[in-house]
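> If you scroll down you'll find the structure; I have some questions about it.
The values are calculated or read from the model by the stated rules, or taken from the named source; none is laboratory data. Nothing here was measured: the structure is a model prediction, and the numbers come from that model. Note that each Cβ is placed from the backbone with ideal geometry, even for glycine, and that neighbours are counted across all protein chains shown.
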Amino acid sequence: MQVSIVLPTYNEKENLTLVIQKLLSVFDDNQVKGNIIIVDDNSPDNTGILADQIAKREDRVQVIHREGKMGLGTAYVTGFKHALENNMADLVFSMDCDLSHDPAYIPDFIDMHLKGYDIVVGSRYISGGGVENWGIHRRIMSKGANLLSSTVLGVKVKDMTTGYRCYAGTVLKEIDIDSITSNGYSFLEEILFMCNKRGFAIGETPIVFIDRTLGSSKLSKSEMWKFFLTLIRLKIKR
């Protein structure tokens with residue numbers, strides 16, 4: 001089984017080397033045939049240059065350079081398509097590059113897929129999951145957004161907004177990822193909505209999300225606004 005990890009990056013120079021090291025260690029320790037696809041949006045901190053340096057030393061790492069900051073959603077689509085078009089993945093993972101998503105959970109995702117799930121979501125809000133280094137305000141906002149999203153869209157998933165996920169390659173081929181119009185973090189709810197609408201089996205595995213300690217968060221007020229606008233649009237489509 002071939003596994004691809006898609007890592008969108010924008011100013012992640014402080015985190016990139018350690019994330020890659022952790023991912024490769026998980027591959028080696030668990031006999032996972034894996035590769036890493038970095039999609040860099042011309043990071044001003046030269047993350048892309050560092051990524052190229054790593055790729056020269058490690059043939060399991062590939063780098064896609066984009067001209068500028070084009071959004072999380074299109075970065076994932078770019079990485080997903082690269083994996084599929086080059087026959088690099090039976091399973092495609094999405095995850096953050098800021099160390100908030102621990103690569104050690106990857107075998108748990110794979111085990112869930114082998115049990116019959118087409119999409120596996122790394123959930124903070126099921127038994128065994130959680131968050132670290134968040135204040136009460138952010139916890140309430142996150143739980144509220146997830147409850148609202150899953151209820152309105154009819155998706156029986158407790159963590160709709162998590163970016164740590166595993167998709168079967170066949171799923172990404174069938175749902176037409178080019179048709180997804182959302183960008184930024186609202187992409188996460190739209191693609192899960194599409195998968196659910198097509199009847200794919202979605203499972204959740206617990207993760208503990210650890211808020212970044214290096215670099216700055218990409219979540220802005222405009223991203224939160226887009227989340228609610230996307231929710232309304234998808235509700236109308238439903």
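Table: residues versus (1) closer than 23 Å to Val3 by Cβ; (2) among the hydrophobic types (A, V, I, L, M, F, W, C).
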position	(1), (2)
Ser43	no, no
Val61	yes, yes
Thr74	yes, no
Leu84	yes, yes
Met88	yes, yes
Asp102	yes, no
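> Give me the residue from segment 101-157 that is part of a helix (DSSP H, G or I) and aromatic (Phe, Trp, Tyr) and, out of that set, nearest to Cys195 (Cα to Cα).
So, considering only residues that are part of a helix (DSSP H, G or I) and aromatic (Phe, Trp, Tyr), the one nearest to Cys195 (Cα to Cα) is Phe109.
Quick grid of which residues meet (1) touching a Lys or Arg at 6+ places or on another chain (Cβ under 9 Å); (2) surrounded by fewer than 18 Cβ atoms within 10 Å (Cβ to Cβ); (3) at pLDDT 85 or above; (4) more than 17 Å from Lys81 (Cα to Cα):
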residue	(1), (2), (3), (4)
Asn183	yes, no, no, no
Phe200	no, no, yes, yes
Ile210	no, yes, yes, yes
Lys218	no, no, no, yes
Lys226	no, no, no, yes
Leu229	no, yes, no, yes
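> Would you call Asp102 surrounded by fewer than 20 Cβ atoms within 10 Å (Cβ to Cβ), under 25 Å from Val61 (Cβ atoms), in contact with a Lys or Arg (Cβ under 9 Å, 6 or more places away or on another chain) and not aliphatic (A, V, I, L, M)?
Yes, satisfied.
> Taking segment 4-35, which residues are more than 21 Å from His82 (Cα to Cα) and among the basic types (Lys, Arg)?
Lys13, Lys22
> Same structure, new question: Based on this model, can you work out whether Val61 counts as β-branched (Val, Ile, Thr), in contact with a Lys or Arg (Cβ under 8 Å, 6 or more places away or on another chain) and within 22 Å of Ala89 (Cβ to Cβ)?
Spelling it out, it is not the case that Val61 is β-branched (Val, Ile, Thr), in contact with a Lys or Arg (Cβ under 8 Å, 6 or more places away or on another chain) and within 22 Å of Ala89 (Cβ to Cβ).
> Out of the residues in segment 14-48 meeting the condition of being among the polar types (S, T, N, Q) and in a helix (DSSP H, G or I), tell me which one is surrounded by the most Cβ atoms within 10 Å (Cβ to Cβ).
Going through the qualifying residues, I end up with Thr47.
> Here is a follow-up. What's the number of the condition Ile191 fails, among (1) modelled with pLDDT of 90 or more; (2) over 18 Å from Phe227 (Cα atoms)?
Unmet for Ile191, out of (1) modelled with pLDDT of 90 or more; (2) over 18 Å from Phe227 (Cα atoms): (2).
> Taking Asp52 as the residue in question, decide whether it is over 23 Å from Ala104 (Cα atoms) and modelled with pLDDT of 95 or more.
yes
> Then there's this: Which numbered condition in (1) at pLDDT 95 or above; (2) in contact with a strand residue (DSSP E or B) (Cβ under 6 Å, 6 or more places away or on another chain); (3) more than 24 Å from Ala89 (Cα to Cα) is the only one that Glu132 fails?
The failed condition is (1).
> Still on this structure: Any chance segment 67-75 includes a residue that's among the hydroxyl-bearing types (Ser, Thr, Tyr), surrounded by 14 or more Cβ atoms within 10 Å (Cβ to Cβ) and in contact (Cβ under 8 Å) with a residue 40 or more places away in the chain?
Yes: one or more hits.
> Consider segment 14-26. How many of its residues are touching a residue at least 40 places away in the same chain (Cβ under 8 Å) and under 18 Å from the mean Cα position of the chain (by Cα)?
Going through segment 14-26 one residue at a time, the tally reaches 8.
> Among the residues of segment 167-184, which ones are in contact with a helix residue (DSSP H, G or I) (Cβ under 6 Å, 6 or more places away or on another chain) and assigned to a loop (DSSP other than H, G, I, E, B)?
Of everything in segment 167-184, those that are in contact with a helix residue (DSSP H, G or I) (Cβ under 6 Å, 6 or more places away or on another chain) and assigned to a loop (DSSP other than H, G, I, E, B) turn out to be Ile175, Ile180, Ser182, Asn183, Gly184.
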